[in-house]
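This report refers to the structure that appears directly beneath it.
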Amino acid sequence: MAIKIALLGLATVGSGVLKIIKNNQKKIKQTSGEEIVIKKVLVCNLKKHQNMAKEVELTTNFDDILHDAEIKIINGRFASR
C-alpha cells in the first residue's frame, strides 16, 4: 500500500521534493517498506506548470488536497504571488 502525499507548490523546494521522490522510489521503498506517491500538487497557475500535469495531478484549490482522504502527508510552503 502506498503512502500518498501532497505538495504545496512547485517552486524550488516543491519541485526538488518531487524530483527526489520520483528519482528514489526504489530506494525509499527498500528502506521504509512503503511506496511514497505524490498524489496532488497545489499551484497558483495551472498553465505555468502544465508540463508537470502528466507526472502529477495539479490543483489550484487547497480544499482538493484537504478533503482527499487518501492523502496522509502534506509537504511544503505555499505563497501566492
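The values are calculated or read from the model by the stated rules, or taken from the named source; none is laboratory data. Owing to the predicted nature of the structure, the values given are computational and were not obtained by experimental measurement. In this analysis, Cβ positions are derived from the backbone assuming ideal geometry, glycine residues included, and neighbour counts consider all displayed protein chains. Just so you know, the surface numbers come from the protein's heavy atoms only, side chains and all, with ligands and any DNA or RNA stripped out. Shrake-Rupley method; radii C 1.70, N 1.55, O 1.52, S 1.80 Å.
How large is the accessible surface per residue of the chain, computed with a 1.4 Å probe and reported in Å² as a whole number? Before the final figure, lay out each step's value.
Details: 5750 Å² over 81 residues.
Normalised by residue count, the accessible surface of the chain is 71 Å².
Could you compute the FRET efficiency for Cys44 and Asp68, with r as their C-beta to C-beta distance and R0 at 22 Å, rounded to 0.05?
E(calc), rounded to 0.05, equals 0.70.
Can you compute the modelled spin-label distance between Ala11 and Gln30, with each label point 7 Å from Cα toward Cβ, in nm?
About 3.5 nm, to one decimal.
Looking at this model, which pairs from Lys4/Lys29; Lys27/Lys48; Lys4/Lys47; Lys26/Lys47; Lys4/Lys26; Lys40/Lys72 are more than 19 angstrom apart at the alpha-carbon?
Numbers: Lys4/Lys29 13 Å; Lys27/Lys48 31 Å; Lys4/Lys47 24 Å; Lys26/Lys47 31 Å; Lys4/Lys26 16 Å; Lys40/Lys72 11 Å.
As for pairs spanning more than 19 Å Cα to Cα, those are Lys27/Lys48; Lys4/Lys47; Lys26/Lys47.
List, in order, the whole-Hz ³J(HN,Hα) value for each residue of the range 12-18 obtained from phi through the Karplus relation with A = 6.51, B = -1.76, C = 1.60 and θ = phi - 60°; use x for Gly and Pro.
Couplings: 4, 6, x, 5, x, 4, 4 Hz.
What percent do you get for the relative contact order of the range 1-63 when only Cα pairs under 8 Å and 6+ apart count?
Numbers: 77 pairs, mean separation 23.2, N = 63.
Contact order relative to length: 37 percent.
Considering only protein heavy atoms and a 1.4 Å probe, what is the carbon-and-sulfur percentage of the accessible area of the chain?
Working: 2980 of 5750 Å².
Carbon plus sulfur share of accessible area: 52 percent.
Any chance you could run the full-extension gain for Ile20 through Asn51? It's 0.36 nm times the residue separation minus the Cα-Cα distance, nm to one decimal. Spell out each step's value before the answer.
Numbers: separation 31, 0.36 × 31 = 11.16 nm, distance 1.77 nm.
Full extension of this stretch gives 9.4 nm more.
Toward the positive end of the charge dipole of the chain, about the Cα centre and with charges on Cβ (Lys, Arg +1; Asp, Glu -1), which of Gln25, Ala2, Val37 goes farthest?
My answer, from the dipole projection, is Gln25.
Nothing charged except the Cβ atoms of Lys and Arg (+1) and of Asp and Glu (-1): what's the magnitude of the dipole of the chain about its Cα centre? Round to the nearest 20 debye.
On the way: 14 positive and 8 negative charges, 81 e Å.
Approximately 400 debye in magnitude.
Given (i) 1.06; (ii) 1.41; (iii) 1.21 as candidate values of Cα Rg over 2.2 N^0.38 Å, which corresponds to the one derived from the coordinates?
(i)
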